[in-house]
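The values are calculated or read from the model by the stated rules, or taken from the named source; none is laboratory data. Computed from a predicted structure; not experimentally measured. A quick note on method: Cβ atoms are made from the backbone with ideal geometry, for glycine too, and the neighbour counts reach across all protein chains shown. What goes into the accessible areas is simple: the full protein's heavy atoms, side chains included, and nothing from ligands, DNA or RNA. Shrake-Rupley method; radii C 1.70, N 1.55, O 1.52, S 1.80 Å.
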Amino acid sequence: MEREPLKNEGLEEKSKNFLEEIIEEDLKSGKHAGRVLTRFPPEPNGYLHIGHAKSICLNFGLAQRYGGKTNLRFDDTNPVKEDVEYVDSIKEDVRWLGFNWANEFYASDYFEQLYLWAEVLIQKGLAYVDDQTQEEIRLNRGTVNQAGKDSSFRNRSVEENLDLFRRMRAGEFKDGERVLRAKLDMAHPNMLMRDPILYRIIHSDHHRTGDKWCIYPMYDYAHGQSDSIEQITHSICTLEFDVHRPLYDWFIEKLEIFPSHQYEFARLNMTYTMMSKRKLLQLVQEKVVMGWDDPRMPTICGLRRRGYTPEAIRAFADRVGVAKRDNVIDISLLEFCLREDLNKRAERRMAVLNPLKVVITNYPEGQTEELEAVNNPEDESAGKRMVPFSRELYIEQEDFMENPPKKFFRLAPGQEVRLRYAYFIKCNEVIKDAAGNVVELRCTYDPASKGGQSPDGRKVQGTIHWVSAQHAVKTEIRLFDRLFSRENPDDVPEGQDWKSGINPESLKVIYGYLEPALASAKALDKFQFERMGYFSVDYDSKPGAMVFNRTVTLKDTWAKISAQ
RNA sequence: UGUCCUGUAGUGUAAUUGGCAACACGUCUGACUCUGGCUCAGAAGACUCGAGGUUCGACCCCUUGCAGGACAACCA
């Protein structure tokens, strides 16, 4: 009562999401003796994407916040789709995002226990072996508004079921010949409760268990029990599993095992972004993109290669929040989080993407000088560097206009601008080629403005970046744009393929000029090219043949103004 | 002709659990500036899906509509 509301303590109380509320209630009621154990359960059949990042941040974040732990568990119950390539990439991505799991588990670790429990269900008369074909099972399941029909094998004796199930395991039957089903209710309004399949026969090697098994548990039969075995307290998954929860609870109840609980949240959707693992796989297989880590992909490895930081992704996951309603996040929020992070840590450099030659006519030929430039105005500890200046420079084509509109603060005939960290220059002459294109500018500089200082207090509205022609490092630069041109890539016009939405101009390769300080940059190094955006060194980069990826442009107010 | 989930500014997420709707992104002003970046100051924008009801008082509770989503792989 005499306790003041926590106000000016710097840690303004952030509102809780519904999962935090559930956990806090559980903690208060002593539900699991104060224990919080979550799990991140990917199927190793594809690469993780930004949607998974939300789930990872949620599961690990929640555990961290409440003094708990998180297991990484591979849901590897379908050998035909899964592969070690994927488990390796998943581990790398989770680590890169900045999380450490308490244990690395596999659903396949539990195959024996799961099998034993299946026998228990058979003994209890709660499971039976069905000989119907896949087609018959499908037909007899009914539809959403029509009850299904009982299988004629539904009432086999416990002994017969046990015998058949053991022979399934022993490999006496071919793929698809029989399945083990739970005996629930073929008329249940929830389709998943209509005698779901527990085990199917697959004579296929498993990436971990090899040829030890030829029967494999289905998701519903494996997931909840795996949670239970690990004593997961809060099993958090996406909304589409909501319908599975009654089944999840049913197995735990009938088996009388640790009561893990499932909670569902709405998965992440993002504008202009494809989240379907299946379709992303297709893009890779059909070589629409360079691979899973193509910088245009929404995969974690793609974002990494693009130049994203784990901090930016975590901040994003934090800002999108968690709830149960369907949502579509504007991709500009992701970009905002990225810029916010990069602004603080990326060192600034100058680079000209579309060069226009400038000759300083009153600057001595053959002379070179070094000018001091700040590495990061947001971080003094980043220090300074020297940038070479000479008579011939490159500036950005778009920084010159022969007939500028009123608010154009850059270079134009007779107009003066500041070359960042260098001098004021004034354009005197415009040289064109036969076709009338501007190919060179002749300018004069004011020696008194060295360093970019105004010698007499005179104001120059514009400051542009530049690079000394003789010192410049020519480099490949990959400019990326959104992979899909439609805001919702799944919203495909009638009669068209979803791939019709792919943006044909999502990758543009150009050659630009860098200031020499950039020549020694290593893969994944990040810089802000002043006034142009954030760029990151690509894996393809080699000494002498550098490759930069444009991570994201800077916010461009001028583009808005000039577009009226 | 089903079962379940969900409806709050353009987009997300809040609202001390019944006390006259907040924060972020985006948008628009303006200031500052050696990045048309950053930063700073401000503005517009929601009668909380509709209709009833309970209550002094409803985003919140009740009734009833409507809308969106999920579920009919031997996928997860």
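To keep it simple, each residue is scored yes or no on (1) under 21 Å from A:Asp490 (Cα atoms); (2) open to solvent by less than 30 Å² (accessible area, probe 1.4 Å); (3) not charged (D, E, K, R).
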residue: A:Leu239; (1), (2), (3): yes, no, yes
residue: A:His244; (1), (2), (3): no, no, yes
residue: A:Tyr248; (1), (2), (3): no, yes, yes
residue: A:Tyr272; (1), (2), (3): yes, no, yes
residue: A:Asp293; (1), (2), (3): no, no, no
residue: A:Arg296; (1), (2), (3): yes, no, no
residue: A:Gly321; (1), (2), (3): no, yes, yes
residue: A:Phe336; (1), (2), (3): no, no, yes
Of the residues that sit in the range A:205-236 and are within 10 Å of RNA strand B (Cβ to nearest atom) and open to solvent by 20 Å² or more (accessible area, probe 1.4 Å), which one is nearest to A:Lys31 (Cα to Cα)?
-> A:Asp220
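Results for (1) farther than 18 Å from A:Phe105 by Cβ; (2) over 27 Å from the mean Cα position of the chain (by Cα); (3) among the acidic types (Asp, Glu), shown as yes or no for each residue.
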residue: A:Ile229; (1), (2), (3): no, yes, no
residue: A:Ile232; (1), (2), (3): no, no, no
residue: A:Thr238; (1), (2), (3): yes, no, no
residue: A:Phe241; (1), (2), (3): yes, no, no
residue: A:Phe258; (1), (2), (3): no, yes, no
residue: A:Arg267; (1), (2), (3): yes, no, no
residue: A:Leu283; (1), (2), (3): yes, no, no
residue: A:Glu286; (1), (2), (3): yes, no, yes
For the range A:15-43, name all the residues that are outside any loop (DSSP other than H, G, I, E, B), among the polar types (S, T, N, Q) and open to solvent by 30 Å² or more (accessible area, probe 1.4 Å).
-> A:Ser29
Which number in (1) more than 10 Å from RNA strand B (Cβ to nearest atom); (2) surrounded by 13 or more Cβ atoms within 10 Å (Cβ to Cβ); (3) not in a loop (DSSP other than H, G, I, E, B) marks the one condition that A:Leu192 misses?
-> (1)
Write out, first by first residue and then by second, each pair whose Cβ atoms fall under 6 Å of each other, whose residues are 6+ apart or on separate chains, and whose first residue, in the range A:294-310, is on the phi > 0 side of the Ramachandran plot while the second is open to solvent by less than 10 Å² (accessible area, probe 1.4 Å) and not in a loop (DSSP other than H, G, I, E, B).
-> A:Gly307/A:Ser536; A:Gly307/A:Asn549; A:Gly307/A:Thr551
Examine the range A:266-275 for a residue that is closer than 27 Å to A:Glu25 by Cα and either more than 16 Å from RNA strand B (Cβ to nearest atom) or out of contact with any Lys or Arg (no Cβ under 7 Å at 6 or more places or on another chain) (or both), and state whether such a residue exists.
-> yes
Single residue of A:Gly148, A:Gly125 found to be touching a residue at least 24 places away in the same chain (Cβ under 8 Å) and under 42 Å from the mean Cα position of the chain (by Cα) | A:Gly148
Pull up the range A:414-435, narrow it to residues that are open to solvent by 40 Å² or more (accessible area, probe 1.4 Å) and not in a strand (DSSP E or B), then point me to the one that is farthest from RNA strand B (Cβ to nearest atom).
-> A:Ala434
Which numbered condition trips up A:Arg478, out of (1) within 32 Å of the chain's Cα centre (by Cα); (2) open to solvent by 80 Å² or more (accessible area, probe 1.4 Å)?
-> (2)
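Which residues, counting only those in the range A:401-413, are part of a strand (DSSP E or B) and either over 24 Å from A:Ala559 (Cα atoms) or aliphatic (A, V, I, L, M) (or both)?
Within the range A:401-413, just A:Leu411 meets the criteria.
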Return only the number of the condition from (1) part of a helix (DSSP H, G or I); (2) more than 10 Å from RNA strand B (Cβ to nearest atom) that A:Leu334 does not satisfy.
-> (2)
Selection within the range A:59-73 - part of a loop (DSSP other than H, G, I, E, B), crowded, with 16+ Cβ neighbours inside 10 Å and out of contact with any strand residue (DSSP E or B) (no Cβ under 6 Å at 6 or more places or on another chain) | A:Tyr66
Under 40 Å from the mean Cα position of the chain (by Cα), within 12 Å of RNA strand B (Cβ to nearest atom) and not charged (D, E, K, R), is that true of A:Leu393?
-> no
Give the residues of the range A:496-520 that are outside any strand (DSSP E or B), in contact (Cβ under 8 Å) with a residue 24 or more places away in the chain and either of a type in the set (Asp, Glu) or open to solvent by less than 20 Å² (accessible area, probe 1.4 Å) (or both), sorted by residue number.
-> A:Glu505, A:Ser506, A:Glu515, A:Leu518
Check every one of the helices (runs of 4 or more DSSP H) wholly within the range A:74-179 and list those with 3 or more residues that are within 9 Å of RNA strand B (Cβ to nearest atom) and at pLDDT 95 or above.
-> A:134-140
If we ask which residues in the range A:28-58 are polar (S, T, N, Q) and under 27 Å from A:Arg319 (Cα atoms), their number turns out to be 2
Within the range A:403-413, the count of residues that are more than 9 Å from RNA strand B (Cβ to nearest atom) and exposed (fewer than 12 other Cβ atoms within 10 Å of the Cβ) comes to 2
